[in-house]
Amino acid sequence: MGVFVLAMGLGTWTLLAVLGIGLIFVVRAMMGGGKKSPATAPLVDLASLTIRDAKRGDMVTVKNAAPDYEDLTFKLDKIHRYEWGSEQWFELAGKSPHGQVALEWRDDDGLKVGLSSGKSHRIESVTSQGEPLTEDVLARFDEEQSSANTIDFDGNTFSYDTSHEVGFFDDGAGEGEGFYAWDFEDDRGKTSLSIEKWEGEAFEVIPVTVIDPADVLIFRG
């Protein structure tokens, strides 16, 4: 009889222990304990991709941007990154049937997009106050930081906007390298002009056409 009672007592304690352990696991599960399921990446709406979503291998179309005012389409080969202080912007590079393409975008009081052909011009093609633009004149612009300073290029007048050193990261990787840039804008807000000076290289003049972000279409490659 005593053995039977002892057996019952041991069985009861064993059952209580099992129930207690089970209760601990239930409470931990309710409180988020234990292993968590791996987070799943949010689904991307491929029909609504923007320039911010672009990845290497994507096809990029810019409406009415080709020389004949047809759509300009290119495969995205590289995404370069630029830095200036706390600011950064990106350049989508590829080759279209019309040649090399560079599509730049940044967040600056809203999304800003600019398109260039990837070709640069010589500084001799730019004048200031009817005189050839020189390194000394650019140094003065840099010192004065005044929008009253203007230059002329391809029949258009551009006003000084800013000048500063820029960090460039080829395809967004590596330690990067620096160059100095002078930025100018036309009074219509449709075109900007960037004059760049890389170490050991001649000045480069790069015209950039302002693009409506809505005119840029991204198709996943």
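The values are calculated or read from the model by the stated rules, or taken from the named source; none is laboratory data. The model shown is predicted, which means the values in this text are computed figures rather than measured ones. All Cβ positions, even for glycine, are placed from backbone atoms using ideal geometry, and neighbour counts span all protein chains on display.
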Original post:
Does Trp182 qualify as being surrounded by fewer than 18 Cβ atoms within 10 Å (Cβ to Cβ), under 21 Å from Glu87 (Cα atoms) and among the aromatic types (Phe, Trp, Tyr)?
Top reply: no
**OP:** Considering only segment 81-102, state which residues are within 13 Å of Gly118 (Cα to Cα) and assigned to a strand (DSSP E or B).
**Re:** Glu91, Leu92, Ala93, Gly94, Lys95, Ser96, Gly99, Gln100, Val101, Ala102
Subject >> Test for Asp152: is it part of a helix (DSSP H, G or I), of a type outside the set (A, V, I, L, M) and modelled with pLDDT of 95 or more >> reply: no
Subject >> Residue tally, condition small (Gly, Ala, Ser) and closer than 17 Å to His164 by Cβ, over segment 129-152 >> reply: 3
Subject >> Single match in Val126, Val113 (criterion: farther than 25 Å from Gly94 by Cβ and surrounded by 13 or more Cβ atoms within 10 Å (Cβ to Cβ)) >> reply: Val126
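Evaluate the following for Ala66: is it on the phi < 0 side of the Ramachandran plot, modelled with pLDDT under 95 and in contact with a Ser or Thr (Cβ under 8 Å, 6 or more places away or on another chain)?
On the way: on the phi < 0 side of the Ramachandran plot: yes; modelled with pLDDT under 95: yes; in contact with a Ser or Thr (Cβ under 8 Å, 6 or more places away or on another chain): yes.
Considered against the rule, which asks whether it is on the phi < 0 side of the Ramachandran plot, modelled with pLDDT under 95 and in contact with a Ser or Thr (Cβ under 8 Å, 6 or more places away or on another chain), Ala66 comes out as yes.
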**OP:** Specify the residue that is nearest to Asp152 (Cα to Cα); the eligible residues are those in segment 205-221 that are among the aliphatic types (A, V, I, L, M) and in contact with a Gly (Cβ under 7 Å, 6 or more places away or on another chain).
**Re:** Val208
